[in-house]
Amino acid sequence: MKFLHALTRRVFFAFIIMFVLGAGAVAATYFYLSPQLPSVEVLRDVRFQVPLQVYTRDQQLIAEYGSKKRDPVKYEEIPDTMIKAILAAEDDRFFEHPGVDYQGILRAAINLIMTGEKAQGGSTITMQVARNFFLSSEKTYLRKINEIFLSFKIEHKLSKEEILELYLNKIYLGNRAYGIGSAAKIYYGKPLQELSLAQYAMIAGLPKAPSSYNPIADPKRAMIRRDYVLNRMFSLGHISRAEYETARAEPISARLSRQSIDLEAPYIGEMVRSYMYERYGEEAYTNGFRVFVTIDPKLQLTAQDALRQSLLNYEYRHGFRGPVERIEIGPGSNADDIFKRLDALPVVGDLRPALILQTEQQNAQGVLADGNQFELGWDGLSWAAPYLDTNNIGNPPASAAEILTPGDVVYIRQQTPGAWRLAQIPNVSGAIVALNPEDGAILALSGGYDFFYSKFNRVTQAKRQPGSSFKPFIYSSALEKGFTPASIINDAPVVFDDPGLETSWRPENYSGRIYGPTRLREALTRSRNLVSIRLLQSIGIPYAIRYAQRFGFDPERLPRDLSLSLGSAAVTPMEMATGYAVFANGGFRITPYFIQRIEDIDGNIVFEADPAIACLECERQAKETQPTALNDSLAEDETRVTGQPLNMLLDGDVPAEPNLAERVITAQNAYLMTSMMQDVVRRGTARRALQLGRKDIAGKTGTTNDQRDAWFAGFNHELVAVSWVGFDDGSPLGNRETGGHAALPMWIEFMRTALADTAEAELEQPEGLITVRIDPRTGLLAPPSQPDAIFEIFRHNHMPQRQAPDIDESVAIPDSETGRESSPQLLF
């Protein structure tokens, strides 16, 4: 007995000594490592790497940029079922232990003794937070010890809820998803709060091995892991047997999806990305910025559809270029190989690659890359006469076999559900942009058929000749020189030995005809080139270039020769829209903008646009307070390029608007030019736009030499839109592909929706204008009895003073410098 008693005492004291030594060793280790451990205070202000997101004003997602997909959620936003699923899978004693699960550590120690292998064991959620935020994943004793000590510090500083929130937002869950919020959207395309029990369990099973248990990469293993999590939840009493059985019976529903894009506007998205990177560098992609743009979703969709349809219509007019490739099909063909080849071809916009399987009389059948079959009826095939060259197509086909052969790989487009049409990727390019003329907000923008096929943004990057669509700026400058819409210019052949062109120049009208003495209104309506050239020669090229600066054009890029009158400058559609906005808003210069505001990850506004606003009412109030003739000052100062903002012109005692746009042309000039461009629509080169059934639209077509560029720039008082069609390499579009034929239809289809259900918005006629009857041949006052007299609008001080003479008498026109009537003779 004494021996057993002595042995017990020795063992007890040995245990005490070992415990003290162990505790001392732990304490010594802690005091040795503690100074080297990072401060856990940083966890209180963690900034997760959250991608840049771009939204419309009504919070529709346009684009997302950043390598890590993360959508942080607050603890109170996490569904209780999600929390229970994670704890069942990873750490069911999380709310009980102090950060370290001794049972788990004991299991790891036993595994080391039994197998001699180090293994991850007893790794609590707190320990994973310590490792994920501060340590590596290397399996070493030192790392494990640091992890344990850090876990104690974290538990001491943070609440359990704060720790769990950090963990659930930090963990990697496969497919670039970081955090449960992002995983819900990437795997299921839904917010976290809308998932089912089975889907919560699936996500909860991912942290252990995001690649092995991934429902996209290995659905079978993912289901085994999901069912394990469900079983754990049931065993722990988190769910009932009925819930458990129902969830187990639910099939795998995960589908890899990008962040759900609500609105297709990738060109705007790229403009935002470029701006944000220039301003914030790499942090733009990780700091969780939310950028809200000025785009109107309805108008954006309409613009994209109008552009695509217009480019496809061009392709339909010029014939079918044939299949993009051939795949041999028949007995022994490998279906998997066929679908792989189809899948390798890009989807371009709404055009999908397809394989033709067979043809019959006037229809064809085929299959898409996803295995779905389709049929092309004659309505979708009959357009496909063979392409010969830009100006010629072959004979119209009589059967499907003349167009397609089994094994052809082509592109098709769905017209309506179940109705397909043969198509082809357009070689021709296009652009469309729409602005609010009041403040310059970009409401719609598409720089091409498909951004992912061609990232070149033709709205902002394509510098093309605008052709006759530039003429209104020349005419506006002439009105400021004293010309009127009734001024007569001779439309007759001219030959110029122009030093700027270094050759003799013999310009012609598009029709090749000459029309003799022509009023300016008629010349613009019919787009008479010879009149525009003589007009520019009269007012002077230097003056016209200075004047064009008022509309936002860079004078360094404007040619210093008479070809300027025909639109030989290189400009972008955005610049043209900016210029036309001056006419639309009554004479004010606005600056286009596309970012409404920028928010940081916490929702704080770090930038908000403050655009200069065109405000006619503000100007009227200013005139009532300070009767300075603002319009007259503009007319008298020919050298004026840019005006002071209106609020700088007001008297100091008068309350001024904070940011008012500067007036750059007179209200009278803007009204007269709008009236003349309304005639372009009513009876000129843009008559096709009459189908809109509106009286308030105005604009100008534009076509360059050999039809290399086709334009239409048009507006009413509330909206400006510019459309362009052309080849990126400057090749000719082909005969008859003018602005009115190639670009105007795009504009019409856009405006049809954009102006639907909106009241007409005509520009209000300003003071200082008068309407009188004139003789259409001379532009002078018409005698009371003249039967064919017409009405014309003049400024008070530019109204004709004489009645029209007999038809065979000469005509008086304004002196080019003073605006006063000269002796009765033609200037040209």
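The values are calculated or read from the model by the stated rules, or taken from the named source; none is laboratory data. Since the model is a prediction, treat every value here as computed from it, not as a measurement. Counting neighbours? That spans all protein chains shown, and the Cβs are built from the backbone with ideal geometry, glycine included. What goes into the accessible areas is simple: the full protein's heavy atoms, side chains included, and nothing from ligands, DNA or RNA. Shrake-Rupley method; radii C 1.70, N 1.55, O 1.52, S 1.80 Å.
Just one residue in the set Ile425, Ile412, Ile488 is more than 23 Å from Asp706 (Cβ to Cβ), of a type in the set (A, V, I, L, M), in contact (Cβ under 8 Å) with a residue 40 or more places away in the chain and open to solvent by 20 Å² or more (accessible area, probe 1.4 Å); that residue is Ile425.
Residue by residue, here is whether (1) closer than 21 Å to Pro611 by Cα; (2) in a loop (DSSP other than H, G, I, E, B); (3) touching a residue at least 12 places away in the same chain (Cβ under 8 Å) holds:
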residue: Ser274; (1), (2), (3): yes, no, no
residue: Ile295; (1), (2), (3): yes, yes, yes
residue: Lys298; (1), (2), (3): no, no, yes
residue: Ala303; (1), (2), (3): no, no, yes
residue: Gln309; (1), (2), (3): no, no, yes
residue: Tyr314; (1), (2), (3): no, no, yes
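Ala754 is checked against (1) without any contact (Cβ under 8 Å) to a residue 12 or more places away in the chain; (2) touching a Leu at 6+ places or on another chain (Cβ under 6 Å) and fails just one. What number does that condition carry? Tallying (1) without any contact (Cβ under 8 Å) to a residue 12 or more places away in the chain; (2) touching a Leu at 6+ places or on another chain (Cβ under 6 Å), Ala754 fails exactly one: (1). Taking region 371-448 and the strands (runs of 3 or more DSSP E) fully enclosed by it, the elements with 2 or more residues that are more than 32 Å from the chain's Cα centre (by Cα) are at 373-376, 387-389. How many of the residues making up region 777-828 are at pLDDT below 85 and part of a loop (DSSP other than H, G, I, E, B)? Residues meeting the conditions: 23.
Could you list all residues from region 51-81 that are of a type in the set (A, V, I, L, M, F, W, C), in contact with a strand residue (DSSP E or B) (Cβ under 7 Å, 6 or more places away or on another chain) and either crowded, with 20+ Cβ neighbours inside 10 Å or over 22 Å from Glu283 (Cα atoms) (or both)?
The initial filter retains those residues of region 51-81 that are of a type in the set (A, V, I, L, M, F, W, C), namely 52, 54, 61-63, 73, 78.
If we keep only those that are in contact with a strand residue (DSSP E or B) (Cβ under 7 Å, 6 or more places away or on another chain) as well, we get 52, 54, 61-63.
Leu52, Val54, Ile62, Ala63, listed by residue number.
Is there a residue in region 298-321 that is modelled with pLDDT of 95 or more, open to solvent by 40 Å² or more (accessible area, probe 1.4 Å) and among the small types (Gly, Ala, Ser)? Scanning region 298-321, I find no residue that is modelled with pLDDT of 95 or more, open to solvent by 40 Å² or more (accessible area, probe 1.4 Å) and among the small types (Gly, Ala, Ser), so the answer is no.
Of all residues in region 174-191, those satisfying the criterion of being closer than 17 Å to Thr81 by Cβ, touching a Ser or Thr at 6+ places or on another chain (Cβ under 9 Å) and touching a residue at least 24 places away in the same chain (Cβ under 8 Å) are Tyr187, Tyr188.
Scanning region 540-577 for residues that are part of a helix (DSSP H, G or I), among the polar types (S, T, N, Q) and touching a Gly at 6+ places or on another chain (Cβ under 9 Å) gives a single hit, Ser563. Of all residues in region 541-568, those that are over 20 Å from Thr701 (Cα atoms), open to solvent by less than 20 Å² (accessible area, probe 1.4 Å) and touching a residue at least 24 places away in the same chain (Cβ under 8 Å) total 5. Selection of first residues in region 757-783 that are on the phi < 0 side of the Ramachandran plot and among the aromatic types (Phe, Trp, Tyr) and of second residues that are open to solvent by 80 Å² or more (accessible area, probe 1.4 Å) and not in a strand (DSSP E or B), restricted to Cβ pairs under 9 Å at least 6 apart or on distinct chains, gives an empty result. On the stretch given as region 351-373, residues that are under 18 Å from Pro417 (Cβ atoms), buried (at least 19 other Cβ atoms within 10 Å of the Cβ) and either free of Cβ contacts under 8 Å to residues at least 60 places away in the same chain or of a type in the set (D, E, K, R) (or both) total 3.
Residues that are over 15 Å from Ser527 (Cβ atoms) and of a type in the set (D, E, K, R) within region 689-706 comprise Arg694, Lys695, Asp696, Asp706, listed in sequence order.
Being open to solvent by 40 Å² or more (accessible area, probe 1.4 Å), under 21 Å from Gln304 (Cα atoms), outside any helix (DSSP H, G or I) and at pLDDT below 95 is a description that applies to Asp757.
Among the listed residues Ile605, Ile598, Ile590, identify the single one that is crowded, with 24+ Cβ neighbours inside 10 Å and under 23 Å from the mean Cα position of the chain (by Cα). Before the answer, list the steps.
Details: Ile605 fails: crowded, with 24+ Cβ neighbours inside 10 Å; Ile598 fails: crowded, with 24+ Cβ neighbours inside 10 Å.
From the options Ile605, Ile598, Ile590, the qualifying one is Ile590.
Restricting attention to region 252-268, and to residues there that are in a loop (DSSP other than H, G, I, E, B) and of a type in the set (A, V, I, L, M, F, W, C), which single residue is modelled with the lowest pLDDT? Selected residue: Leu256.
Of the helices (runs of 4 or more DSSP H) contained entirely in region 99-185, those carrying at least 1 residues that are modelled with pLDDT of 75 or more and surrounded by 21 or more Cβ atoms within 10 Å (Cβ to Cβ) fall at 125-134, 141-157, 160-170.
Do we find a residue being out of contact with any Ser or Thr (no Cβ under 6 Å at 6 or more places or on another chain), within 24 Å of Gly440 (Cα to Cα), of a type in the set (Lys, Arg) and at pLDDT 95 or above anywhere in region 672-689? No: region 672-689 contains no residue that is out of contact with any Ser or Thr (no Cβ under 6 Å at 6 or more places or on another chain), within 24 Å of Gly440 (Cα to Cα), of a type in the set (Lys, Arg) and at pLDDT 95 or above.
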